[in-house]
Amino acid sequence: MTSKPDDLPSDLASAYLALLAEREALQAERDVAVADAANARAELSDSEVLIAHLELRIEKLKRELHGLRSERTARLLEQLELELEELATTATENELAAQAAAAKTQSVSAFTRKRPVRKPWPDDIERERVVIEAPTTCACCGGSRLAKLGEDVTKTLEEIPRRFKVIETVREKFTCRDCEKISQPPAPFHATPRGFIGPQLLATMLFDKFGMHIPLNRQSVRFKAERIDLPLSTLADQVGHGTFAVMPLFQLIERHVLAAERLHGDDSVLQKHTERMIKMI
């Protein structure tokens with residue numbers, strides 16, 4: 001059972017209050033020390049992000065200046081980008097921790113990172129206007145004669161999760177009652193023979209693989225997480241059909257490129273493509 005100061009003798013009550021005041025002072029000093037340490041960590045993380053960002057820019061400028069297109073340089077840039085990503089994430093976490101620690105004190109200001117100016121989003125992105133219902137009476141005097149002065153708009157970028165749909169194309173059969181001939185509309189066109197993947201989904205799969213460098217096994221895992229069972233073998237089969245379908249376009253681009261007087265490339269060795277180029281030349 002904890003005694004209250006009123007239940008104690010005067011000398012003990014004074015000592016008790018002094019201990020409480022000392023404990024509160026120590027707690028305040030501890031909060032200040034924790035906030036200062038959190039600010040120091042946040043500032044250090046921000047400096048590390050800046051250094052990593054500058055190193056990445058230097059390597060990119062070297063690549064542009066000297067024309068270095070080697071595989072080693074590409075791996076170095078990729079490693080620097082990954083390092084910058086991790087450092088930036090940690091810096092944000094430390095910044096939030098510093099703000100939380102500073103909120104417990106009155107003498108420490110939280111460290112705030114300097115962020116680049118955000119570019120405006122493209123105008124063709126869909127906009128949804130949500131208007132919060134305004135009060136009908138004054139919060140001060142209760143009057144109802146309110147006049148609009150303006151408005152503040154907060155823009156939030158949101159994502160609409162992709163939705164899958166199954167298009168059921170029905171081809172009705174009819175028979176002629178005079179000659180008994182059966183007629184039916186032709187089957188819908190598919191980019192792949194006997195394909196069950198729509199053209200938009202097939203284009204997304206091809207772009208993810210060749211444009212975003214997402215392997216098919218990772219695409220399969222993502223599809224499964226979205227309750228769509230598309231094994232790796234199925235995806236590979238569809239991608240093979242898709243690449244074969246665009247082969248005429250590839251050959252047209254290839255002829256256009258090889259018609260040039262000079263071809264410039266990096267020093268990365270691709271044995272299969274090199275042999276093919278030699279045969280064609």
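The values are calculated or read from the model by the stated rules, or taken from the named source; none is laboratory data. Since the model is a prediction, treat every value here as computed from it, not as a measurement. Note: ideal-geometry Cβ built from the backbone for every residue, glycine included; neighbour counts use all protein chains shown.
When you look at Arg145, is it out of contact with any helix residue (DSSP H, G or I) (no Cβ under 7 Å at 6 or more places or on another chain), in a loop (DSSP other than H, G, I, E, B) and modelled with pLDDT under 85, yes or no?
no
Condition test on Ile132, is it more than 24 Å from the chain's Cα centre (by Cα) and surrounded by fewer than 10 Cβ atoms within 10 Å (Cβ to Cβ)?
Working: more than 24 Å from the chain's Cα centre (by Cα): yes; surrounded by fewer than 10 Cβ atoms within 10 Å (Cβ to Cβ): yes.
In short, yes.
Kindly indicate the residue of segment 30-48 that is under 13 Å from Ala110 (Cβ atoms), buried (at least 17 other Cβ atoms within 10 Å of the Cβ) and not charged (D, E, K, R) and also farthest from the chain's Cα centre (by Cα) among those meeting that condition.
My answer is Val32.
Any residue that is small (Gly, Ala, Ser), modelled with pLDDT of 90 or more and in contact with a helix residue (DSSP H, G or I) (Cβ under 7 Å, 6 or more places away or on another chain) - is there at least one of those in segment 194-208?
No, segment 194-208 has no match at all.
If you go through segment 207-218 one residue at a time, do you hit one that is under 18 Å from the mean Cα position of the chain (by Cα) and over 25 Å from Thr243 (Cα atoms)?
Within segment 207-218, not a single residue is under 18 Å from the mean Cα position of the chain (by Cα) and over 25 Å from Thr243 (Cα atoms).
Among the residues of segment 222-252, how many are part of a helix (DSSP H, G or I) and surrounded by 12 or more Cβ atoms within 10 Å (Cβ to Cβ)?
So the count comes out to 15.
Within segment 96-127, track down each residue that is within 15 Å of Leu50 (Cα to Cα) and within 20 Å of the chain's Cα centre (by Cα).
Arg115, Pro116
Can you name every residue in segment 49-61 that is touching a Ser or Thr at 6+ places or on another chain (Cβ under 9 Å) and either at pLDDT 75 or above or not assigned by TED's automatic domain parsing to the domain that holds Glu81 (or both)?
Taking segment 49-61 first, the residues touching a Ser or Thr at 6+ places or on another chain (Cβ under 9 Å) are 49, 59.
Passing the criteria: only Val49.
Answer with yes or no whether Arg255 is in a loop (DSSP other than H, G, I, E, B) and exposed (fewer than 11 other Cβ atoms within 10 Å of the Cβ).
Taking the combined requirement at face value, the residue does not satisfy it.
Working only within segment 62-101, note down all residues that are among the polar types (S, T, N, Q) and at pLDDT 70 or above.
Of everything in segment 62-101, those that are among the polar types (S, T, N, Q) and at pLDDT 70 or above turn out to be Gln79, Thr89, Thr90, Thr92, Asn94, Gln99.
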